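Structure first, commentary second.
Derivation of every value follows stated rules applied to the coordinates shown; laboratory data play no part. The structure displayed is predicted, hence computed values, not measured ones. Glycine gets a Cβ as well: all are built from the backbone with ideal geometry, and neighbour counts include every protein chain shown.
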């Protein structure tokens with residue numbers, strides 16, 4: 001491949017060697033240790049789940065890219081991220097055919113309908129999860145304990161359910177293994193329905209056996225730190241999500257310690273860490289303005305705690321992020337920064353803080369001849385006599 | 001050979017295919033989304049609407065000369081409401097379970113925009129026979145639209161078709177399909193399918209004319 005010596009083009013002239021593909025590939029790399037640990041926790045069922053969900057996502061992406069209506073390519077790794085994240089949010093023993101349905105819906109409904117990568121309003125993985133949550137509420141609430149003996153040689157029976165058929169009952173299988181059904185509950189469900197709080201170290205590392213926890217929060221934070229350090233992810237969003245969730249939980253805990261669990265439990269149970277680091281930071285569905293990121297993250301944290309405490313569901317991260325996704329264009333609009341130099345001119349009488357969102361003329365290069373501030377025109381209401 | 005038969009057929013097929021009330025005109029969405037939880041509900045709702053549509057369009061067409069223009073909407077409503085009342089009582093007598101399942105949507109046929117639209121746009125300007133044929137076409141089209149939704153939602157949501165189990169006892173129902181979001185998803189999927197069919201037809205026609213020009 002030959003490169004031209006001089007390339008003549010318009011601004012921006014300085015650019016980083018960062019493409020969509022690079023970013024997505026690095027996110028996939030950072031997800032691999034988390035997936036590996038997840039497989040270590042749950043054995044071949046988790047491996048099969050990750051493979052099938054990611055495969056369904058890739059197949060759907062391939063189909064829609066083939067129609068020629070999509071932005072992006074199959075090779076840009078975005079469908080892989082969707083698949084891996086979706087598999088990590090599903091229970092390890094989730095029937096494979098339901099996982100495939102989730103993957104297809106995630107790409108088709110969450111991404112392809114909007115026009116492909118960068119155009120989606122909602123996080124595709126969460127759209128897929130929300131669909132199966134509504135379609136199969138029993139299966140998605142059925143967790144099995146981690147670190148079961150023989151997990152690398154035997155599937156969790158519900159994994160291998162026939163397509164369209166009800167999965168086998170996990171409680172019967174656990175009983176045969178001399179474990180009580182309560183061992184299969186997530187820490188959040190245990191707290192919500194039985195009033196049992198899990199210990200801090202158990203939550204943090206996910207290393208204690210016989211508990212249904214997701215991927216280790218500590219590991220996710222480390223992988224997220226890698227992404228943030230290499231600037232593939234903005235650190236403001238996870239910090240805002242976790243900070244606002246902790247603050248809300250701490251205020252409630254201070255108000256009534258008997259009724260509400262401690263903020264530490266709130267932060268490290270369920271999918272909050274995974275959601276904050278990997279789902280909320282999805283570039284297409286979160287605000288681009290720094291101030292907007294804080295608002296967006298804070299909204300997610302607050303909504304998560306509110307849904308967990310006051311609704312019938314044990315977990316609220318998914319809906320919190322989806323709601324904040326919907327709000328993010330609005331957040332962007334009201335947190336639009338004043339262009340450099342513009343504030344001083346307008347500062348004579350008042351600073352125009354809220355610039356219009358879609359095409360603020362201040363952002364258009366001066367070289368563009370057509371860059372004129374449109375004047376508001378008031379048409380006369382009364383017809384001239 | 002007379003041209004009457006193809007014209008009549010055209011009149012009928014307008015509602016069934018070209019101007020299908022559900023998939024092309026996207027009218028009457030309220031019953032379409034609400035009662036299509038099962039195929040039998042969809043079919044009976046469609047049949048009820050078909051009956052009201054044909055009868056009221058015939059009567060509107062008969063009375064078109066004596067209906068003052070200023071009160072025509074009121075006249076249409078009274079005519080439609082008469083037939084809806086008859087259907088309402090008939091369904092109640094035939095099957096109370098079905099009547100409960102369809103709920104308020106039978107009475108709401110009165111304000112169904114397909115019927116009012118047909119009465120205003122077609123029946124009030126045509127003789128009774130074409131008006132009724134056109135209305136029958138629209139009614140059949142509406143029934144087919146409802147059935148298309150009802151079949152998909154019943155098969156996925158309950159694993160059965162017209163109440164007959166398809167997959168045996170171990171079927172996992174898709175709860176979302178019998179909930180309102182399922183109605184929107186299935187309707188959207190069908191609209192997508194018909195839009196795709198239409199685009200393909202246009203593309204083929206375009207390529208045909210192009211080929212014709214080259215020859």
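Summary of computed values
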| quantity | calculated |
| --- | --- |
| Residue exposure sequence - A:190, B:69, A:111 - by fewest surrounding Cβ within 10 Å | B:69, A:190, A:111 |
| Gyration tensor verdict on the range B:104-215 (Cα atoms; rounded if a/c is under 1.5, prolate if a/b is larger than b/c, oblate otherwise) | oblate |
| Highest-fluctuation residue, B:70, B:120, B:14 considered, GNM on chain B with Cα pairs under 10 Å | B:70 |
| Sequence of B:9, B:190, A:294 once ranked by neighbouring C-beta atoms within 10 Å, starting from the fewest | B:9, B:190, A:294 |
| Per-residue mean of C-beta atoms belonging to partner chains within 10 Å, peptide A:104-114 | 1 |
| Ratio Rg/Rh, restricted to the range A:1-158 and using Cα atoms, in which Rh is the Kirkwood radius | 1.09 |
| Per-pair calculated FRET efficiency, R0 = 25 Å: residue B:86 and residue B:127 via Cβ, rounded to 0.05 | 0.55 |
| Debye intensity ratio I(q)/I(0), log10, the protein assembly as shown, q values 0.06, 0.07, 0.09 Å⁻¹ (C-alpha model) | -0.46, -0.61, -0.93 |
| Residue with peak Gaussian network fluctuation, chain B [Cα springs, cutoff 10 Å], from B:136, B:90, B:205 | B:205 |
| Highest-MSF residue in chain B out of B:95, B:61, B:44 [GNM, Cα springs under 10 Å] | B:95 |
| Relative contact order %, the range B:121-195, counting alpha carbon pairs below 8 Å whose residues are six or more apart | 23 percent |
| Value of [θ]222 nm, deg cm²/dmol, for chain B, DSSP H segments ≥ 4, -39500 (n - 2.57) each, nearest 500 | -23000 deg cm²/dmol |
| Kirkwood Rh, Cα atoms: Rg over Rh of the range A:200-332 | 0.97 |
| Square roots of five times the Cα gyration tensor eigenvalues for chain B, Å | 31, 29, 14 |
| Distance (nanometres) between label positions extended 7 Å along Cα→Cβ at residue A:176 and residue B:67 | 6.9 nm |
| Ranked A:221, B:149, criterion: other C-beta atoms within 10 Å, fewest first | A:221, B:149 |
